[in-house]
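Structure first, commentary second.
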Ligand SMILES: NC(=O)c1ccc[n+]([C@@H]2O[C@H](COP(=O)([O-])OP(=O)(O)OC[C@H]3O[C@@H](n4cnc5c(N)ncnc54)[C@H](OP(=O)(O)O)[C@@H]3O)[C@@H](O)[C@H]2O)c1
């Protein structure tokens, strides 16, 4: 990775987003984060924006403020997301729509706004990284809306990588198996164990497993990689 990057990460209040933000701050980078609730990170190189990513107007306002502070961005990590576990027959329409608003449309809107700053990165390529899930390749029952919204994100990765290559912007994804966070705390341990047993590497994914691949995908070592979603743990 370059010595000093400006990295925007969505969903930095808890979980994977927070851990990534803290890692990049410790490594000397600047991080712009966001969530609905107030920041849980206190660091001189960290700036937090409070918004609901389901609201496109609030996303535009956030990026207007980011452009006021930064002349460019090196990377956008679309991490914020939510899930629901329910049989599709009993999932209300508004739950599925809200899920798509956060997991897909917010990603699309953040990409559109971020490109204005990513294309101004000098020299090296800038990049977008989107977080996906094993619920897509495994077509997990009970996760129809969640996995469909993340399938849409994986298609976004493929199409956008072509549309943004002329601007020097790479677009990739990282597909995660279960990780112990707020998102998974209501999932029964038996269910988590079943999922871990399906991985080629049969142990729970932790933050150090994620940091390396994320650094690779947003750094210059992957300057010739775009349009890919890389899954961790061996899920095929
Ligand atoms: N944990 C896993 O096992 C796992 C597995 C595969 C993929 N993933 C993916 O990894 C990503 C991060 O998940 P996580 O496990 O770290 O979840 P998490 O701990 O629940 O964190 C989600 C973050 O997103 C923010 N957020 C949620 N909805 C938002 C909204 N509408 N507007 C703004 N911010 C919002 C939350 O803050 P606020 O509540 O303050 O808004 C929080 O900071 C998600 O995309 C998830 O699908 C997770």
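The values are calculated or read from the model by the stated rules, or taken from the named source; none is laboratory data. This is a predicted model, so every value here is computed, not measured. All Cβ positions, even for glycine, are placed from backbone atoms using ideal geometry, and neighbour counts span all protein chains on display.
Would a scan of segment 65-81 turn up a residue that is in a loop (DSSP other than H, G, I, E, B), closer than 28 Å to residue 169 by Cβ, within 11 Å of the ligand (Cβ to nearest atom) and touching a helix residue (DSSP H, G or I) at 6+ places or on another chain (Cβ under 6 Å)? Checked segment 65-81: at least one residue is in a loop (DSSP other than H, G, I, E, B), closer than 28 Å to residue 169 by Cβ, within 11 Å of the ligand (Cβ to nearest atom) and touching a helix residue (DSSP H, G or I) at 6+ places or on another chain (Cβ under 6 Å).
Scanning segment 130-140 turns up no residue that is closer than 21 Å to residue 1 by Cβ, more than 16 Å from the ligand (Cβ to nearest atom) and either modelled with pLDDT under 95 or buried (at least 24 other Cβ atoms within 10 Å of the Cβ) (or both).
When 112, 98 are screened for being assigned to a helix (DSSP H, G or I) and under 28 Å from residue 191 (Cα atoms), only 98 passes.
Kindly indicate whether residue 14 is surrounded by fewer than 17 Cβ atoms within 10 Å (Cβ to Cβ), touching a residue at least 40 places away in the same chain (Cβ under 8 Å) and within 15 Å of the ligand (Cβ to nearest atom). Yes; evaluated as a whole, the condition is true for this residue.
Can you confirm whether residue 151 is away from the ligand (no atom under 11 Å from the Cβ), closer than 30 Å to residue 120 by Cβ and outside any loop (DSSP other than H, G, I, E, B)? For residue 151, the condition - away from the ligand (no atom under 11 Å from the Cβ), closer than 30 Å to residue 120 by Cβ and outside any loop (DSSP other than H, G, I, E, B) - is not met. Among residues of segment 73-92 that are under 30 Å from residue 167 (Cα atoms) and free of Cβ contacts under 8 Å to residues at least 40 places away in the same chain, none has a beta-carbon under 9 Å from a residue that is part of a loop (DSSP other than H, G, I, E, B) and within 16 Å of the ligand (Cβ to nearest atom) at least six positions away or on a different chain. Please verify whether segment 75-91 includes one or more residues that are within 18 Å of the chain's Cα centre (by Cα) and more than 28 Å from residue 144 (Cα to Cα). Yes.
Exactly one residue out of 6, 59 is more than 15 Å from the ligand (Cβ to nearest atom), surrounded by 16 or more Cβ atoms within 10 Å (Cβ to Cβ) and farther than 19 Å from residue 132 by Cβ: that is 6.
Can you spot a residue in segment 27-34 that is touching a residue at least 60 places away in the same chain (Cβ under 8 Å) and out of contact with any strand residue (DSSP E or B) (no Cβ under 6 Å at 6 or more places or on another chain)? So far as segment 27-34 goes, no, none of its residues is touching a residue at least 60 places away in the same chain (Cβ under 8 Å) and out of contact with any strand residue (DSSP E or B) (no Cβ under 6 Å at 6 or more places or on another chain).
In summary, residue 53 fulfils each of the numbered conditions (1) within 24 Å of residue 212 (Cα to Cα); (2) in a loop (DSSP other than H, G, I, E, B); (3) free of Cβ contacts under 8 Å to residues at least 60 places away in the same chain with the single exception of condition (1). For segment 190-236, the candidate set comprises residues that are in a helix (DSSP H, G or I) and touching a strand residue (DSSP E or B) at 6+ places or on another chain (Cβ under 8 Å); within that set, the residue that is surrounded by the most Cβ atoms within 10 Å (Cβ to Cβ) is 218.
Do we have residue 106 as free of Cβ contacts under 8 Å to residues at least 60 places away in the same chain and either within 16 Å of the ligand (Cβ to nearest atom) or touching a helix residue (DSSP H, G or I) at 6+ places or on another chain (Cβ under 7 Å) (or both) here? When the stated conditions are applied, residue 106 does not pass them. Among the residues of segment 155-189, how many are surrounded by 14 or more Cβ atoms within 10 Å (Cβ to Cβ), within 12 Å of the ligand (Cβ to nearest atom), touching a residue at least 24 places away in the same chain (Cβ under 8 Å) and assigned to a helix (DSSP H, G or I)? Total meeting the criteria: 1.
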